[in-house]
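**Q** Below you'll find the structure I mean.
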Amino acid sequence: MEDKSLVWFENRNEYLVLENTTADILKRLSKGVSVHNIAGALSKKLDVPLEKTIDFILDLEHNFFNKEKPNHNKLINDYRDVEYPKKFEFIKYYQINNKIVKVSYLSEKELSFVHPKFNHLSIENTVSFDYQFDVFINTNYIFLYVDNDFIGAWSNKEIHYFQGKFSMQLIQKIHQKEEDKWMGVFHASAVSNEKKSILFLGDSGNGKSTSLALLQANGFTCLADDFVPIDLEKQEVYSFPAAISIKKSSLETLLPIYPELQTTAEYNFTRLNKIVRYLEPNNNNFFAHKPCNELIFIKYEKDSELICKKISKVDAFQELIPDSWLSPLKENAEVFLNWFASLTCYKLTYSVNSEMIATVNKIFNNEL
């Protein structure tokens, strides 16, 4: 792609952008071609001493094939001594279309990790429900059980991994697709015009969620915010029912449009150094899924002129990957790379909301 190679390493589920020569060497090494044979061909091609090419290839082999896969869910014990709570302080029921999910939280601390994003789905206590999630902290680990099956446990430094797994379990239940049927989950905002979807990406604070909120007030639909799942079969963006996360700095812009934010509860996430309120998405079908052909790296910048241009896919790839969960299965990785190769990528910088909305509308309508 664009005279570079996008390479996936199965042993640690890692994607890298490499020079074509480097990628070709690694490909040959992975097929069992000897270092000496590869070095000989490289020495002639580059007209450098054989010893130098051998050293270079050995370094590549060491750096790319001998890394261990990181383990984000390692516990010293095997859970057999963990005491399951006899009573949970908070029981919440969330209705997602015709499905009801019961979530039990041991204390207010566990509640704070999940509930704020889903509070808009809360219903009164009910005797019948479809799925049961149990969340509790024990021995400084937060545990997750779904329908009495142990899912995992995470240390207090890995709360975001717990939150990701909770959300992953939730979309599996909502959309009836096991984890191996998902291509990936992206840290993005997804907006739809009811025919297709577009992903907004960018660093925290760039305005993804604010842009999404502005668009949903102007005839577009919020499919997902922060956690955007894409399935394997059709490579479509699936709805995720969490609320839109609105930072304090965006209130001045959004309060005239959403006066309810004035009295909405405020949450101070000291670990993430941000204060947010949650805005209910306008999606009335949490089973919805739409194709996605465009990525927009969006940024609100005060007093900036509107700039919208296509950008290098390689640059877009390098920004997309670090905050994404991508399936570790070989066939799924291949689908992801083929899907990404088909995308059009834009960078959109704006300061006037109406100009941003008009530009996104043009992208939806293939007018740019």
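Nothing in this text is a laboratory measurement; each read-out follows from the coordinates by a stated rule. These numbers were taken from a predicted model, which means no experiment stands behind them. With ideal geometry, Cβ positions are generated from the backbone for all residues, glycine too; neighbour counts draw on all protein chains shown.
**Q** Could you state the angle between the C-alpha long axis of helix 108-118 and the longest principal axis of the C-alpha atoms of the chain, as a value from 0 to 90 degrees rounded to the nearest 10?
**A** Approximately 90 degrees, to the nearest ten.
**Q** Going 7 Å from the Cα of LYS109 along its beta-carbon direction, which residues of region 264-287 have the amide nitrogen within less than 11 Å of the resulting point?
**A** none
**Q** Quickly estimate the mean residue ellipticity at 222 nm for the chain, helices only: each DSSP H run with n ≥ 4 gives -39500 (n - 2.57), and the total goes over all residues, rounded to 500.
**A** Only helices count here, giving -9500 deg cm²/dmol.
**Q** Pull out the extension gain between ASN119 and ASN148, defined as 0.36 nm times the separation in residues minus the alpha carbon to alpha carbon distance; nm, one decimal.
**A** 8.1 nm
**Q** LYS157: which lysines have alpha carbons under 18 Å from its alpha carbon, excluding same-chain residues fewer than 8 sequence positions away?
**A** Those lysines meeting the cut-off are LYS74, LYS109, LYS165, LYS274.
**Q** What is the Å³ per residue value for the convex hull set by the Cα atoms of the chain?
**A** 169 Å³
**Q** Can you give the FRET efficiency to the nearest 0.05 for ASP3 and PHE269, using r as the Cβ-Cβ distance and R₀ = 45 Å?
**A** Rounded to the nearest 0.05, the efficiency is 0.60.
**Q** Hand me the GluC sites (Glu not before Pro) from region 86-176 located in a DSSP loop with no more than 15 other Cβ atoms within 10 Å, in residue order please.
**A** Answer by residue number: GLU89, GLU124.
**Q** Please compute, over every Cα-Cα pair in region 1-64, the percentage with a separation greater than 12 angstrom.
**A** Counting pairs separated by more than 12 Å, the tail of P(r) holds 68 percent.
**Q** Of the beta bridges DSSP finds with both residues in region 182-364, what % are antiparallel, to the nearest 5?
**A** Here the antiparallel bridges make up roughly 70 percent for region 182-364.
**Q** For region 182-364, what is one quarter of the convex hull surface built on the Cα atoms, given in nm²?
**A** So the mean shadow area of the Cα hull is 10.4 nm².
**Q** Can you say what percent of the DSSP beta bridges in the chain, counting only those with both residues inside, are antiparallel? Round to 5.
**A** Of the beta bridges lying entirely in the chain, close to 75 percent run antiparallel.
**Q** Mind giving me the FRET efficiency for LYS99 and ILE159? R0 is 35 Å, r the Cβ-Cβ distance, nearest 0.05 is fine.
**A** Efficiency computed from Cβ-Cβ geometry: 0.85.
**Q** Which longest run of the chain has no exposed loop site in it, a site being trypsin sites (Lys or Arg not before Pro) in a DSSP loop with at most 13 other beta carbons within 10 Å, and the site itself not part of the run?
**A** That gives 88-156 as the longest site-free run.
**Q** Mind grabbing the base-10 log of I(q)/I(0) for region 54-210 at q = 0.09, 0.14 Å⁻¹? Debye formula, identical points on the C-alpha positions, no solvent, two decimal places.
**A** With one equal scatterer per Cα and no solvent, log10 I(q)/I(0) is -0.41, -0.88.
**Q** Report the label-to-label distance for ASP303 and GLN176 in nanometres (one decimal), using points 7 Å from each Cα along the Cα→Cβ vector.
**A** 5.6 nm
**Q** OK, next. May I ask which of LYS102/LYS173; LYS117/LYS313; LYS310/LYS362; LYS234/LYS313 have a Cα-Cα span longer than 23 Å here?
**A** Violating the 23 Å Cα-Cα cut-off are LYS117/LYS313.
**Q** Report, to the nearest 10°, how far helix 50-65 tilts away from the longest principal axis of the Cα atoms in the chain, using its own Cα long axis and a range of 0 to 90°.
**A** Computed tilt is about 20 degrees.
**Q** Now a separate question. Excluding residues fewer than 8 places away in the same chain, name every one of the aspartates and glutamates whose C-alpha is closer than 14 Å to that of LYS31.
**A** GLU10, GLU61
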